[in-house]
Amino acid sequence: MKAKLSKFLLDNKLLLKKLVTDLSKEFKYVSLLGSDTVGTAYNVSVTGSGVNDSNWKERGFVVRVFNGVNYSEYSFNSLENMETIKERITNVAVNDIKILVDKGFKLMEFPLIEDENMIKDFSSDYQINPFEISAEDKLKKMNEIKALGLSKCDQLLDFRVSFEEVKISKIFLSTHKDLSQSILYTNMHVVAIGRSEKGVKYDFEGLSGLKGYEIMEEAISKIDKVVNSVKELFDSENIIPGDYEIICDPSVSGLIAHEAFGHGVEMDMFVKNRAKGQEYMNKVIASDKVNMRDGALSEIEVGTFLFDDEGTLGTDTLVIEKSILKSGISDLLSALKLGTTPTGNGRRESYQRKAYARMTNTFFEGGNDLLPDMIKSIKKGYILEGFFSGMEDPKNWGIQCVIAKGREVINGKITGKIVSPVTLTGYVPDLLQSIDMVSNDPLELGGTGACGKGHKEWVKTSTGGTYIKAIGRLS
Amino acid sequence: MRKIINLLQNKSNVDEYTITEIKTSSTELFFIKEELQMNRGKDIEEIVVTVYRNFEEDGKKYKGSSTTKLDPTMNLEEMEKQIDTASLAASFVKNEFFNLEQPSTEVAPIIPSKFGEGAVIENISNLVKDLYEENNQFGSFINSTEFFINKKDIRFINSNGIDVSYTKYIGEIELITEANGETESIELYDVLEFSDYVKDSIKNAILEALKFASLRAKAIPMPKVENLPVIMNGIAAQGLWNYYGFSASAGNKYDNLHNNNVGDNIQGETTGDKVTITRKPYLENSSVSQYYDQFGTLLKDVVMVKDGVIENLLANRRYADYLDIPCTGGINNNVVNGGSYTEKELKVPPYLEILKFSAFQSDVMTGNFGGEFRLGIYNDGTKEIPVTLGSIAANIKEVQDKMYLSKELAKDNNFIGPKFIKFDNIRIAGN
């Protein structure tokens, strides 16, 4: 099945094209991004349930114009009075700019965007349309999963299940471009919360992808894993801070690829001189075991699209090739400023926000090692499993990854001891250069959460990899 | 709005409803160094409707709800279809019954803001000017900034007759400061949030950011240490207090995540300072100040924890009914009382003072807190050494018995609390 573009956008396309044409008489470059995203979030827990609009739901537009020196934007969500919209765009791009210049503000110069002629569309595939399944059926299935989870352990306080269905419809119009895309994705979380004499412990498993209601069946396979994880956490101990040999599971590998490194090659940071990655272009940054990719076309997950929020087609960027930093990832305006080619990474939290260089699907490629061999090679260390959060430091390459738990390995054997919580910190090049084994397992990507830039601008991304072995500082 | 109210009132499949209309206008400026990279404007209207279905099963009353957003580009037919879909979904949501909020004769005060005076482009220009006037001090400079002023006109209506309107302003500055060290340049990241034009507040924030950037440029990796007292900057570690908010939340009690009651001592016996926390609907220059919550409850100051003991459970209309306790409403401003020590009394060498975290982590459910720090001062007893690339970890339940708070207070947007928090027994990871 193919996702269908929003009727609202189709019905109003001519009106929006006219707006672009009218504005083109005043401005040398005009583009319009229209978004009509629908979605619903469902949740069940021991004490109740909920069915509400997805936080990603939106319907609105953003216009970008060349103001003679650089670019101005206006976001709006009413089409009632097109003349008022045009007046507001002129206010922002002409009047406000004049006031700012009169006050002595300097404008950063940008070249004019050279658009190429392009008409394209894209629809993602899915098996079962989640929007055609009733709320009653979804809640019933989720309650079954909840009951199954609770039945696995007497110490569970709750077993929460959440499901989210989102269909993104976007059009991008400029003088030369006419692009449209419709993308359907689903997310699920199963969260086990338990209490022992040591206090409350919890863990979660996530599922995501450009898929439909078929994801619901996949959630059942995660129940045992998440319940067993909480049981292990009941007996977990604090870790003694120090440097250890670590094996990162695919989710932690992905977190490192994303937080420790990916943010550092977002090229709007190059324009600001905020990224250390700029100094390492075409230089050794990691061990020769490391290949890393990012791109809307690198894999099919929640970061997949035809075109980004500036109308640039998505690509597949080889960021690190056998230890060498080969390429950053770029939005359109940063590429214009840097004289590079945009990579289709200009993304917005919503039509209401500015576009920045953002990741899409980010991962370490698989290697040639076997996981059992990796475990055998450890003298004293931990297998790191699951993560809660991470924080980037693109300028100075500090790392902070909050990991759900560590599984102790001594002399090549898993001892059964679990440590939690675990924070992985350190210096990015040290960590990447210490990677000496990469497993040959199938690539695993997850995209249940959202990625911020600093502390805002949330976008859907996926991250992953296979198992990697390295040296890491844990606390 | 009248059309939506009529629609909801005439629908037999909607028993009760709330409507929140938010009209947002913004002006936004983005700078790299001192040059304007982009300017933006925004005019958005959002109407959020929650529909409720009341029903009984086996003699027990239930209330289902579903929240949906209506867009101004929708015609009446589309709105009706969306409300019907939400209503149907609500009929399958089986939550315990509660009563929606009733109207109050009391009128909430107006939230003052100088951003309401004059043109927004002039107001935002003043913020830029104030900030950049302090640029290039202490060997540090501004790398880049983003400025936002949002005006929000909010109207809340419910089916019991509440109809209140208010205006609030939300200001935000993302500030990246940079300094050159011996081997490399460094940066620090700050976000300033506010609701009013307070020149001194902007000036103080940029000066502190530049000073801290200057210190980070001189910082060395945190050495390995043992048994060293840790003093956390109260603003950097304000997330620490979320644990007490979680432990006094009626919603979390209802969800069986804790079993605390009014009168329970959640801090336990302590040889340090006892914790007192008040929630306030209005705090000067706070971007989250508001006198009404999501249910339309008129909010008042509430003492949540006094000397480590729960004084009030925080309960919105729904959980207040569930637990049959007073409704405090959802309140966003957090005020933590100062302690019994001066800064000088707390800073007895040796110690590690943490000024900036990468992102302070506070897991309210387990009590774990800590994180990597980007800037600290290690006083080894002989000198003060700026340090970076270290981390701390602890559990509040294990260390709150020896928590020492400064008398001096610090303010950051919706938070006022001790400027310094000291612990003797926190794990420190160094190099």
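Just so you know, all these numbers are worked out from the coordinates, no wet-lab data involved. Since we're looking at a predicted model, the values are computed, not measured. Don't worry about glycine lacking a Cβ; one is built from the backbone with ideal geometry, like all the others, and counts go over all protein chains shown.
Treat every Asp and Glu Cβ in the protein assembly as shown as -1 and every Lys and Arg Cβ as +1, leave all other atoms uncharged, and give the resulting dipole magnitude about the Cα centre to the nearest 20 debye. List each step's numbers first, then the result.
Values: 106 positive and 130 negative charges, 66 e Å.
Rounded to the nearest 20 debye, it is 320 debye.
With θ taken as phi - 60° and the coefficients 6.51, -1.76 and 1.60, list the Karplus ³J(HN,Hα) couplings across segment A:88-101 in order, rounded to whole Hz; mark glycine and proline as x.
Whole-Hz 3J(HN,Hα) from phi for segment A:88-101: 5, 5, 5, 4, 5, 8, 10, 5, 4, 4, 4, 4, 5, 5.
Just to confirm a number: summing +1 for Lys and Arg and -1 for Asp and Glu over residues other than A:Gly390 whose beta-carbon lies under 11 angstrom from that of A:Gly390, what do you get?
Details: positive: none; negative: A:Glu259, A:Glu392, A:Asp393, B:Glu372.
Result for the local shell: -4.
Just to be sure I understand the model, the point goes 7 Å from the Cα along the line to the Cβ. What's the resulting A:Asp288 to A:Lys120 distance in nm?
Taking the simple label geometry, A:Asp288 and A:Lys120 are separated by 3.6 nm.
In segment A:242-474, how does Rg compare with the Kirkwood Rh, expressed as the Rg/Rh ratio over alpha carbon atoms?
On the way: Rg = 17.0 Å, Rh = 17.5 Å.
We get a ratio of 0.97 for segment A:242-474.
Dipole of segment B:220-431 (Lys/Arg Cβ +1, Asp/Glu Cβ -1, origin at the Cα centre): which of B:Pro418, B:Thr271, B:Ala393 lies farthest to the positive side?
Of the listed residues, the answer is B:Pro418.
Rounded to the nearest 5, what is the percent of antiparallel bridges among the DSSP beta bridges in chain A?
Working: 109 of 125 bridges.
Around 85 percent of the beta bridges assigned by DSSP in chain A are antiparallel ones.
Stokes-Einstein at 25 °C, 0.890 mPa s, Kirkwood radius from Cα pairs: D for the protein assembly as shown in µm² s⁻¹? Could you put the intermediate results ahead of the total?
On the way: Rh = 28.7 Å.
Value of D from the Cα-based Kirkwood radius: 85 µm²/s.
How far, in degrees from 0 to 90, does helix B:76-91 lean away from the longest principal axis of the Cα atoms of chain B, to the nearest 10?
Long axis of B:76-91 versus the principal axis of chain B: about 80 degrees.
Let me know the mean shielding of B:70-79 by other chains, meaning the per-residue number of their Cβ atoms within 10 Å of its Cβ.
3
Any chance you could give the angle, 0 to 90 degrees and rounded to 10, that helix A:223-234 forms with the longest Cα principal axis of chain A?
Computed tilt is about 60 degrees.
Let's test the formula: R0 of 25 Å, r as the Cβ-Cβ distance of B:Lys60 and B:Asn13. What FRET efficiency results, to the nearest 0.05?
Details: r = 21 Å, r/R0 = 0.84.
E(calc), rounded to 0.05, equals 0.75.
Could you work out the mean count of beta carbons from other protein chains within 10 Å of each residue's beta carbon in A:389-402?
Numbers: counts 4, 2, 9, 3, 9, 2, 9, 11, 2, 9, 4, 11, 1, 8.
Per residue, the average neighbour count from other chains is 6.
Among the aspartates and glutamates, select those whose C-alpha is under 18 Å from the C-alpha of A:Lys25, and discard any that sit fewer than 8 residues away in the same chain.
Straight-line reach from A:Lys25, under 18 Å: A:Glu73, A:Glu83, A:Glu87, A:Glu114, A:Asp115.
Let me check I've understood the local charge: for A:Lys405, count other residues with C-beta under 14 angstrom from its C-beta, Lys and Arg +1, Asp and Glu -1. What total comes out?
Values: positive: A:Lys198, A:Lys201, A:Lys225, A:Lys231, A:Arg407, A:Lys417; negative: A:Asp203, A:Glu205, A:Glu232, A:Asp235, A:Glu237, A:Asp249, A:Glu385, A:Glu408, B:Asp363.
Summing Lys/Arg as +1 and Asp/Glu as -1 gives -3.
If I model a spin label at B:Val191 and A:Met281 as a point 7 Å from the Cα along the Cα→Cβ vector, what separation in nanometres do I get?
Output for this residue pair reads 3.0 nm.
Can you give the direction-averaged projected area of the convex hull of the alpha-carbon atoms in segment A:1-144, in nm²? Intermediate results must be reported in sequence, preceding the final value.
Working: hull surface 53.2 nm².
The number I arrive at for segment A:1-144 is 13.3 nm².
Size of the dipole of segment A:279-376 about the Cα centre, Lys and Arg at +1 and Asp and Glu at -1 on the beta carbon, nothing else charged, in debye to 20? All intermediate terms of the calculation are to be shown ahead of the outcome.
Values: 12 positive and 15 negative charges, 63 e Å.
Computed about the Cα centre, the dipole is about 300 debye.
With point charges of +1 on the Cβ of Lys and Arg and -1 on the Cβ of Asp and Glu, referenced to the Cα centre of chain B, which listed residue (B:Thr24, B:Tyr197, B:Met74) lies farthest in the positive direction of the dipole?
B:Tyr197
What trypsin sites (Lys or Arg not before Pro) in segment A:319-388 are in a loop by DSSP, with at most 15 other Cβ atoms within 10 Å of the Cβ?
Working: sites: A:Lys322, A:Lys326, A:Lys337, A:Arg347, A:Arg348, A:Arg353, A:Lys354, A:Arg358, A:Lys376, A:Lys379, A:Lys380; in loops: A:Lys322, A:Lys326, A:Arg348, A:Arg353, A:Lys354, A:Arg358, A:Lys379.
In loop regions of segment A:319-388 (DSSP not H, G, I, E or B), the sparsely surrounded trypsin sites (Lys or Arg not before Pro) are A:Lys322, A:Lys379.
Quick one: Karplus J couplings for segment B:97-104, per residue in order, coefficients 6.51, -1.76, 1.60, θ = phi - 60°, nearest Hz, x for Gly and Pro?
5, 8, 8, 6, 5, 9, x, 10
How big is the gap, in Å, between the Cα center of segment A:217-264 and the Cα center of segment B:292-313?
Computed from Cα coordinates, the inter-centre distance equals 37 Å.
Can you sort A:Met437, A:Met281 by how many other beta carbons sit within 10 Å, fewest first? Before the final figure, lay out the partial values.
Details: A:Met437 21, A:Met281 14.
Result, fewest neighbours first: A:Met281, A:Met437.
How charged is the neighbourhood of B:Glu96? Take every other residue with its Cβ under 9 Å from the Cβ of B:Glu96, and add Lys/Arg as +1 and Asp/Glu as -1.
Numbers: positive: B:Lys60, B:Lys61, B:Lys63, B:Lys94, B:Arg318; negative: B:Asp321.
Summing Lys/Arg as +1 and Asp/Glu as -1 gives +4.
Suppose every Lys and Arg Cβ carries +1 and every Asp and Glu Cβ carries -1, with no other charges. What dipole size does segment B:289-431 come out with about its Cα centre, to the nearest 20 debye? Don't jump to the answer; show the numbers that get you there.
Numbers: 16 positive and 18 negative charges, 50 e Å.
Roughly 240 debye for segment B:289-431.
Between the DSSP loop rule and a limit of at most 12 other Cβ atoms within 10 Å, which chymotrypsin sites (Phe, Trp or Tyr not before Pro) in segment A:338-424 are left? Before the final figure, lay out the partial values.
Details: sites: A:Tyr351, A:Tyr356, A:Phe363, A:Phe364, A:Tyr382, A:Phe387, A:Phe388, A:Trp397; in loops: A:Tyr351, A:Trp397.
Passing both the DSSP loop test and the Cβ count: no residue.
Relative to the longest principal axis of chain B, what angle (0 to 90°, nearest 10) does the C-alpha long axis of helix B:120-132 take?
20 degrees
Which of A:Val65, B:Val336, B:Asn160 sits farthest toward the positive end of the charge dipole of the protein assembly as shown, with +1 on the Cβ of Lys and Arg and -1 on the Cβ of Asp and Glu?
Going by the charge dipole, the pick is B:Val336.
Just counting partner chain Cβ atoms within 10 Å, what average do the residues of peptide A:419-428 show around their Cβ? Write down the numbers at each step before the final one.
Values: counts 0, 2, 8, 1, 9, 2, 10, 6, 3, 0.
Mean shielding by partner chains, rounded to a whole number: 4.
Which pairs in the list A:Lys460/B:Lys347; A:Lys138/B:Lys61; B:Lys3/B:Lys411; A:Lys211/B:Lys61 are over 32 Å apart, alpha-carbon to alpha-carbon? Present the calculation step by step, with values, prior to reporting the outcome.
Working: A:Lys460/B:Lys347 44 Å; A:Lys138/B:Lys61 23 Å; B:Lys3/B:Lys411 44 Å; A:Lys211/B:Lys61 37 Å.
As for pairs spanning more than 32 Å Cα to Cα, those are A:Lys460/B:Lys347; B:Lys3/B:Lys411; A:Lys211/B:Lys61.
Ranked by Cβ crowding within 10 angstrom, fewest neighbours first, how are A:Cys153, A:Cys248, A:Cys451 ordered?
Values: A:Cys153 15, A:Cys248 29, A:Cys451 24.
Least to most surrounded, the residues fall as A:Cys153, A:Cys451, A:Cys248.
Search the structure for amide H atoms under 5 Å from the amide H of A:Asp158, placed 1.01 Å from N in the peptide plane, and list their residues when 5 or more places away or on another chain.
Long-range HN contacts for A:Asp158: A:Ile193.
Here is the link list: A:Lys13/A:Lys456; A:Lys17/B:Lys42; A:Lys7/A:Lys354; A:Lys120/A:Lys337; A:Lys152/A:Lys222; B:Lys33/B:Lys211. Which ones come out longer than 24 Å on Cα distance?
Working: A:Lys13/A:Lys456 31 Å; A:Lys17/B:Lys42 20 Å; A:Lys7/A:Lys354 26 Å; A:Lys120/A:Lys337 26 Å; A:Lys152/A:Lys222 12 Å; B:Lys33/B:Lys211 18 Å.
In this structure, A:Lys13/A:Lys456; A:Lys7/A:Lys354; A:Lys120/A:Lys337 lie more than 24 Å apart at Cα.
Kirkwood hydrodynamic radius of segment B:220-431 from all distinct Cα pairs, in Å?
Roughly 17.8 Å, rounded to one decimal.
With each run of n ≥ 4 DSSP H residues scored as -39500 (n - 2.57), what mean residue ellipticity at 222 nm is computed for chain A after dividing by its residue count and rounding to the nearest 500 deg cm²/dmol?
Details: 11 runs with 97 residues, N = 475.
Roughly -5500 deg cm²/dmol at 222 nm, from the helical runs in chain A.
Using helices alone, I'd like the mean residue ellipticity at 222 nm for chain B: each DSSP H run of four-plus residues gives -39500 (n - 2.57), total over residue count, nearest 500. Spell out each step's value before the answer.
Details: 9 runs with 83 residues, N = 431.
So the helix-based figure for chain B works out to -5500 deg cm²/dmol.
Can you pull the Kirkwood radius for chain A, inverse mean 1/r over Cα pairs, to one decimal in Å? Spell out each step's value before the answer.
Working: mean 1/r = 0.0420 Å⁻¹.
By the Kirkwood definition, the hydrodynamic radius is 23.8 Å.
P(r) tail for chain B, what percent of Cα pairs lie past 27 Å?
Details: 56612 of 92665 pairs.
Above the 27 Å cut-off, chain B has 61 percent of its Cα pairs.
Ranking A:Val62, B:Val14 by Cβ neighbours within 10 Å, fewest first, what do you get?
Numbers: A:Val62 24, B:Val14 20.
Lowest to highest Cβ neighbour count: B:Val14, A:Val62.
Whole-Hz Karplus ³J(HN,Hα) for segment A:241-258, in order, using 6.51 cos²θ - 1.76 cosθ + 1.60 and θ = phi - 60°, x for Gly and Pro?
x, x, 8, 9, 6, 10, 10, 9, 6, x, 5, 6, 4, x, 4, 5, 4, 7
Report, by chain and number, residues whose modeled amide H sits under 5 Å from the one on B:Gln37, excluding near sequence neighbours (fewer than 5 apart, same chain).
Excluding prolines and chain starts, which carry no amide H, the hits are A:Met108, B:Phe30, B:Phe31, B:Ile32.
When we measure straight from the Cα of A:Lys376, which lysines land under 19 angstrom away, once same-chain ones fewer than 8 places off are left out?
Leaving aside lysines fewer than 8 places away in the same chain, those within reach of A:Lys376 are A:Lys289, A:Lys413, A:Lys417, A:Lys469.
Counting alpha carbon pairs within less than 8 Å and at least 6 residues apart, what relative contact order, in whole percent, applies to chain B? Numbers along the way, then the final one.
Working: 1031 pairs, mean separation 63.5, N = 431.
That works out to 15 percent.
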